[in-house]
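Beneath this line is the structure, given in C-alpha cells, with notes to follow.
The values are calculated or read from the model by the stated rules, or taken from the named source; none is laboratory data. Since the structure is predicted, the reported quantities are computational estimates derived from the model, not experimental observations. Using ideal geometry, Cβ is built from the backbone for each residue, glycine included, and neighbour counts are taken over all protein chains shown.
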C-alpha cells in the first residue's frame, strides 16, 4: 500500500554528518552524528510515546514549533535517523513544485514512529507516494548492526552500507556521491571532517561521542588552506567554511548498541543552539517524559538550553561594518571553559552508569531520572 504524501514543510537544512561503524569506535558500538545548519534558530528535544498511531516511542530534535518534523532522533528499538540536504541528486526533468519539496523532517518523524531496522526504512521509502518531496542523504543505524546512508530523491534511492566502507565510516554534507559531479554544497566541510577523522584514526585513536563533539562539532579547522585559527593564536577570525558556523543550530550524536544488547541503552547526545558554546547532554528514550527540563519546551515553547546558547552565540559572533561575521575566540573560550568543567563531571558520572547498565543489559530508569534531576546544564 502506498503511503500518502506528507504535508508541506519549512525550507530544508544544510548539515555536516557522519556514520561510524563499530570498527572505528572505542567500544564497538556504532555512532551517527549530525551538525545541523538552518534558519530556525530555536531547537528543542521532544519525546513521543507509543500509541495507536505511533508504533515506537522516540526522542527527537525539533524546531520550537508545533509541526511533526524530526531533524534527527532515536526510538525505543534502537533505530536512529538523521539527514543532510543534497543539492545535486534531483533527477533531470523532475519538475516537482517547490511547495511539495523539503519533506525530510516529516519522513524522519514517520521513520522514528514506525521503523525498527534499516530494512524497515527501505520499505518506507519504497512505499511513500511519489514524488516523495525529498532531495537528501539520510543516515540510519539500528540495533542489529545496520548502518547506512540513503541518497534519496523524489523517486529513487541508493544505499551506501557503512559496514562495507573500507575506512569504517562515511561522511556526507550537502551533496550526494551518486548525484551530479561538481554540484552541491559543503565540499570544504566534508574535507574538514575527513582530515580530522583520518588524522585521529591514523594516530591510533578511536571514535567516541566526546571526540565527535569536541573535535568535529566544535572544531574550527579549515582544510582548504590547512588552517586552524585557534592553533595560530588568533583572537578573532572570519566565520567561513568551518564545521560549526553562524547557521549551526545543534548537534546530535547517537551512540547505538551492539547486536544482542538491549535497545534501551542507546543514547542521543544532544547540544542545542551553537555547539561551541552549548553543553551536550545524554538523552535516552527510556526516560520518557522525565528528560532534563532545560532541553524541553518551556512556557515560551523554547528550550532554556537553546536560549542560553543563542545568547552566548550573540556575544561570540559579531559583524564588521562590511557585514562580515567574525568569531571572538576569547569570548568563546571563556564560555567553553565553563561548559567543559560541567561536561567533565557529567561524562564521568554518566559513563559509570552506562558501565553498570551494560553489565545488566538494561538501563535503570530510576537512576537515570535522578541523574537528570541533579544535572546542571550550563
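Filter the stretch 296-323 for residues that are out of contact with any helix residue (DSSP H, G or I) (no Cβ under 6 Å at 6 or more places or on another chain), touching a residue at least 40 places away in the same chain (Cβ under 8 Å) and assigned to a loop (DSSP other than H, G, I, E, B); which is surrounded by the fewest Cβ atoms within 10 Å (Cβ to Cβ)?
Among those that are out of contact with any helix residue (DSSP H, G or I) (no Cβ under 6 Å at 6 or more places or on another chain), touching a residue at least 40 places away in the same chain (Cβ under 8 Å) and assigned to a loop (DSSP other than H, G, I, E, B), it is 301.
What are the residue pairs meeting all of these: first residue in the stretch 330-350, first residue at negative phi and part of a helix (DSSP H, G or I), second residue loosely packed, with under 13 Cβ neighbours inside 10 Å and modelled with pLDDT under 95, Cβ atoms under 6 Å, and 6 or more apart or on different chains?
Filtered contacts from the stretch 330-350: 330/235.
For the stretch 168-177, check the following and say yes or no: at least one residue is crowded, with 17+ Cβ neighbours inside 10 Å and over 30 Å from residue 128 (Cβ atoms).
yes
Conditions (1) touching a helix residue (DSSP H, G or I) at 6+ places or on another chain (Cβ under 9 Å); (2) modelled with pLDDT of 95 or more, marked per residue:
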position	(1), (2)
53	yes, no
85	yes, yes
92	no, no
96	no, yes
101	no, yes
108	no, yes
129	no, yes
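Please specify each residue of the stretch 144-164 satisfying the condition of being more than 26 Å from residue 262 (Cβ to Cβ), without any contact (Cβ under 8 Å) to a residue 40 or more places away in the chain and part of a strand (DSSP E or B).
150, 157, 158, 159, 160
Condition first: over 29 Å from residue 285 (Cα atoms) and crowded, with 21+ Cβ neighbours inside 10 Å. Can you find one or more residues in the stretch 194-209 that meet it?
If we filter the stretch 194-209 for residues that are over 29 Å from residue 285 (Cα atoms), which is where we start, we get 194-196, 198-205.
In the following step, the residues that additionally are crowded, with 21+ Cβ neighbours inside 10 Å were identified as none.
Checking the stretch 194-209: not a single residue is over 29 Å from residue 285 (Cα atoms) and crowded, with 21+ Cβ neighbours inside 10 Å.
Do we have residue 358 as in contact with a helix residue (DSSP H, G or I) (Cβ under 6 Å, 6 or more places away or on another chain) and surrounded by 14 or more Cβ atoms within 10 Å (Cβ to Cβ) here?
In short, no.
Within the stretch 236-247, is even one residue touching a residue at least 40 places away in the same chain (Cβ under 8 Å), part of a strand (DSSP E or B) and surrounded by fewer than 18 Cβ atoms within 10 Å (Cβ to Cβ)?
So far as the stretch 236-247 goes, yes, one or more of its residues are touching a residue at least 40 places away in the same chain (Cβ under 8 Å), part of a strand (DSSP E or B) and surrounded by fewer than 18 Cβ atoms within 10 Å (Cβ to Cβ).
So residue 326 clears everything in (1) closer than 19 Å to residue 248 by Cβ; (2) assigned to a helix (DSSP H, G or I) except one condition, right? Which one?
Only one criterion in (1) closer than 19 Å to residue 248 by Cβ; (2) assigned to a helix (DSSP H, G or I) is unmet by residue 326, namely (2).
So which residues in the stretch 88-114 are surrounded by fewer than 18 Cβ atoms within 10 Å (Cβ to Cβ) and in a loop (DSSP other than H, G, I, E, B), if there are any at all?
Selection gives 91, 92, 93, 94, 95, 97.
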